[in-house]
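Read through the structure below, which is laid out as structure tokens, and then see the notes.
The values are calculated or read from the model by the stated rules, or taken from the named source; none is laboratory data. Quick caveat: nothing in here was measured; it's all calculated off a predicted structure. Because the Cβ atoms are built from the backbone with ideal geometry, glycine has one as well, and the counts that use them run over all protein chains shown. The area values use the complete protein model at the heavy-atom level, side chains included, leaving out ligands, DNA and RNA. Shrake-Rupley method; radii C 1.70, N 1.55, O 1.52, S 1.80 Å.
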Amino acid sequence: ELANTARKPEWRSEATFQRGMYLSEIGAYDSAVAAFQQILDEYPNSGRANEARVLAADQLRKLARPTEAMALYKPLTEHKAALVRYPALIGLGGACYEAGQIDSGIAIFAAMAEDDIYVDSIGTIRLMLGDGLERQGDVDGAWRQYEQVAAALERTIWSAEAYFNMAEIKQYKHNDLGSAK
């Protein structure tokens with residue numbers, strides 16, 4: 001109700017954003033996309049517009065519509081603020097994988113891995129890069145990415161995921177259950 005009746009546009013925008021968040025949390029992804037899209041259409045200069053764009057794209061990915069998600073992420077990938085660029089690049093790379101554009105996703109994550117501005121997120125980036133290389137059939141390249149994460153980020157969730165991925169490579173790609181264990 002507040003989204004439709006609030007006196008100030010920023011209040012209507014915030015109420016619409018919160019409605020989108022709620023709809024996303026309960027799994028009503030189509031409705032969440034509509035709420036976030038409403039912010040982009042009616043309040044394009046609001047403080048929540050960039051976040052609404054990323055969240056709309058995230059919901060589209062959950063609906064298996066990666067091409068539409070890519071179109072929403074792309075404008076934010078050139079944003080001057082790294083905190084805006086980062087989720088857009090991560091989402092765009094993942095959507096590329098989902099759309100079958102593996103090379104494009106790999107290029108995004110490879111560029112991010114080389115950019116010092118993302119050093120605090122290198123675990124996530126290298127895991128995503130490894131995933132793309134594995135999807136492409138470059139098991140050795142994926143292994144190297146996972147190995148770098150495991151060595152550089154010991155005793156972290158990223159290291160655990162890297163070791164798990166390496167074990168799966170040993171088990172399923174090399175048929176070596178002993179090494180996988």
Q. In square angstrom, what is the accessible area per residue of the range 142-181 with a 1.4 angstrom probe?
A. 71
(Q) I need the shape label for the range 102-167. Rule: rounded when a/c is under 1.5, else prolate if a/b > b/c, else oblate, with a, b, c from the alpha carbon gyration tensor. (A) oblate
Q: Quick one: net charge around V139, please, counting Lys, Arg +1 and Asp, Glu -1 for every other residue with C-beta under 14 Å from its C-beta.
A: -3
Q. Once both axes come from the Cα atoms, what is the angle between helix 82-98 and the longest principal axis of the chain, in degrees from 0 to 90, rounded to 10?
A. 60
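Which shape class applies to the range 27-88: rounded if a/c is under 1.5, otherwise prolate when a/b exceeds b/c and oblate if not, where a ≥ b ≥ c are the square roots of the Cα gyration tensor eigenvalues?
Cα axes put the range 27-88 in the oblate bin.
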Q: Report ³J(HN,Hα) in whole Hz for each residue of the range 66-79, in order, from the Karplus equation J = 6.51 cos²θ - 1.76 cosθ + 1.60 where θ = phi - 60°; Gly and Pro get x.
A: x, 5, 5, 4, 4, 5, 6, 5, 3, x, 8, 6, 10, 4
Q. Looking at the square roots a ≥ b ≥ c of the eigenvalues of the Cα gyration tensor of the range 1-59, which shape do they give, rounded for a/c under 1.5, prolate if a/b is larger than b/c, or oblate?
A. oblate
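So what's the net charge close to R48: Lys and Arg +1, Asp and Glu -1, counting the other residues with Cβ under 10 Å from its Cβ? Display every interim value, and only then the final one.
Details: positive: R53; negative: E10, E14, E51.
After counting each charged neighbour, the total is -2.
Can you give the local net charge around Q37? Use residues other than it whose beta-carbon is closer than 14 angstrom to its beta-carbon, Lys and Arg +1, Asp and Glu -1. Don't skip to the answer; put the middle values down first.
On the way: positive: R19, R48, R53, R65; negative: D30, D41, E42, E51, D58, E68.
Taking every other residue near Q37 into account, the sum is -2.
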Q) Using a 1.4 Å probe on the protein chains only, how many percent of the accessible area of the range 125-181 belongs to carbon and sulfur? A) 48
Q.
Give the lysines reachable from K173 as a straight Cα distance under 16 Å; neighbours fewer than 8 places away on the same chain don't count.
A. K181
Q) Considering the values [x] 21.0, 72; [y] 19.1, 66; [z] 17.0, 64, which represents Rg and Dmax of the Cα atoms in Å as calculated for the structure under consideration? A) [y]
Q. Given a cut-off of under 8 Å on Cα pairs at least six residues apart, what relative contact order in percent is computed for the chain?
A. 10
